[in-house]
Amino acid sequence: MILKASKRSGGKQLGLHLLKTEENEHVEIHEVSGFVSDTVMGAMNEAYALARGTKCQQYLFSLSLSPPALESVRVETFEKALTDIEERLGLAGQPRIIVFHEKEGRRHCHAVWSRIDADTMTAKELPFFKNKLNEIGKQLYLENGWAMPKGFESPKLRDPRNFTLDEWQQAKRAGIDPRELKSAVQDCWKHADSVQAFASALEERGLFLARGDRRGFVAINIDGDVFAISRLIGGKAKDVAARLGDPARLPSVDDARARIAFDIAPRLTRYIAEAKRIARTNMEPLIAKREALKVQHQAERQAKDTFLSARWDNEQCARAARIRKGFAGAWDVLTGKYFRTRTQNEMEAKFARERDSHERHALIHAQHKDRQALQDLIRENRRKEAERILSLYRDAAKFRRMREGEAERDKDREPNPATMRPKRDRGLELN
């Protein structure tokens, strides 16, 4: 299970993120404990108010738990993982919030703790929490028999296409899949042996090599967004300079943007706009099916919860009816029948809770399978549309190279005054 955590402030923003339904198909508030309020936003306000009595700025500890994509993970597994994390980090007994998010057929968990100890009015220190979480995450893979990512086996094998938050948001603003962007640039870097070859390979993918102000070599997309080459390939600036040479020979960011605006952008913008329109049209039936599936799944869960609640109430009434009252109840206490009946009721209640949890998990697991099948269709459609747009980038790069080649040939055909012989004056023609 991938565990990512941070100490932070901004309880209101975090609470709104946890409750956001625009980016998540299902949002389930699993637990709000240790607070007076039983709502997420109320709990966030309490944590902030408590922190005001201290000097602590980052008064929250936020954690996300992401299991493997194709694994069906029960709620009890998440709860056990959170208990282990609390014990290792020293957060046991601290107020916490647990929220489940589901999208694209996957389920992950968010947990938020207040770091402020109300008794001592000090913040929990949480030393080396990243290393501890990495060890716990690896142990969860082993305990549950999941295929362990390469990054857990060896840090050198970690996927280099992991964006920082700033890189992810920058790429999202540019309308690019960050993983695809990094993968494309790394592929160009792998096969290019010179700055010219690297620049040509980038242009075939809709990116243009330029000289950055402070970041050495940068790539610019058609919208003018700038990406540092060293970050995209997961290397250092000196390694990039060692292969590509002096960036001073390249156009500046402003010059590259001007060239894009003058020569390439108008044509590409028209073609890409048409490609995006076609992509939206092709995606509309799948998006409609996704929304219909979301509504259907929500209705199924609500009906299941109503059924489980009604059955639990009926069974509780039946168990309560076994406990006699009055003189008969006193006699049952004296004879020991009351204690045997109470033990039986407790065991039945425990098994009933486990049964209800299993039935609800089975429903969610079946829904995930349906949603993942639809997501496969959506992913395949996106891949086809991406290939179409990539072909447009390649065509534009070829066209630009053709224009440059024609200009070079015209330059070669121009007469050179320095090498031309002066025409001999033969005098007046008398013929």
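The values are calculated or read from the model by the stated rules, or taken from the named source; none is laboratory data. This is a predicted model, so every value here is computed, not measured. Here the Cβ positions follow ideal geometry from the backbone for every residue, glycine too, while neighbour counts run over all protein chains shown.
What to note about this one:
- Filtering ASP370, ASP313, ASP305 for residues that are under 30 Å from the mean Cα position of the chain (by Cα), modelled with pLDDT of 90 or more and charged (D, E, K, R) leaves a single hit, ASP305.
- Of the residues making up the range 33-76, those that are of a type in the set (Val, Ile, Thr) and buried (at least 19 other Cβ atoms within 10 Å of the Cβ) are VAL40, VAL73.
- Identity of the residue in the range 74-83, in contact (Cβ under 8 Å) with a residue 40 or more places away in the chain and β-branched (Val, Ile, Thr), that ends up nearest to GLU31 (Cα to Cα): VAL75
- Qualifying residue in the range 32-50 (condition: in contact (Cβ under 8 Å) with a residue 40 or more places away in the chain and under 21 Å from GLN302 (Cα atoms)): yes
Residue by residue, here is whether (1) surrounded by fewer than 17 Cβ atoms within 10 Å (Cβ to Cβ); (2) modelled with pLDDT of 60 or more holds:
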position	(1), (2)
PHE163	no, no
GLN169	yes, no
GLY175	yes, no
ARG179	yes, yes
ASP187	yes, yes
LYS190	yes, yes
ALA201	no, yes
GLY206	no, yes
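- Of the residues making up the range 118-143, those that are closer than 19 Å to GLN57 by Cα and either buried (at least 16 other Cβ atoms within 10 Å of the Cβ) or touching a His at 6+ places or on another chain (Cβ under 9 Å) (or both) number 4.
- Matching residues, the range 33-89, being under 17 Å from HIS101 (Cβ atoms) and of a type in the set (Lys, Arg): ARG74
- Matching entry among LEU16, LEU89 (being surrounded by 14 or more Cβ atoms within 10 Å (Cβ to Cβ), out of contact with any Pro (no Cβ under 7 Å at 6 or more places or on another chain) and either farther than 30 Å from ILE378 by Cβ or at pLDDT 90 or above (or both)): LEU89
- The condition of being among the aliphatic types (A, V, I, L, M) and over 27 Å from the mean Cα position of the chain (by Cα) does not hold for MET283.
- Meeting the requirement of 1 or more residues that are in contact with a strand residue (DSSP E or B) (Cβ under 6 Å, 6 or more places away or on another chain), the helices (runs of 4 or more DSSP H) wholly within the range 52-158 are 75-89, 129-144.
- Residues that are among the polar types (S, T, N, Q) and modelled with pLDDT under 85 were ranked within the range 265-300; the one that is farthest from ILE364 (Cα to Cα) is THR269.
- For the range 5-24, filtered to residues that are outside any loop (DSSP other than H, G, I, E, B) and among the polar types (S, T, N, Q), the residue that is farthest from GLN57 (Cα to Cα) is GLN13.
- Test for ARG96: is it surrounded by fewer than 19 Cβ atoms within 10 Å (Cβ to Cβ) and at negative phi: no
- Selection count where residues are in contact (Cβ under 8 Å) with a residue 60 or more places away in the chain and among the small types (Gly, Ala, Ser), scope the range 84-115: 2
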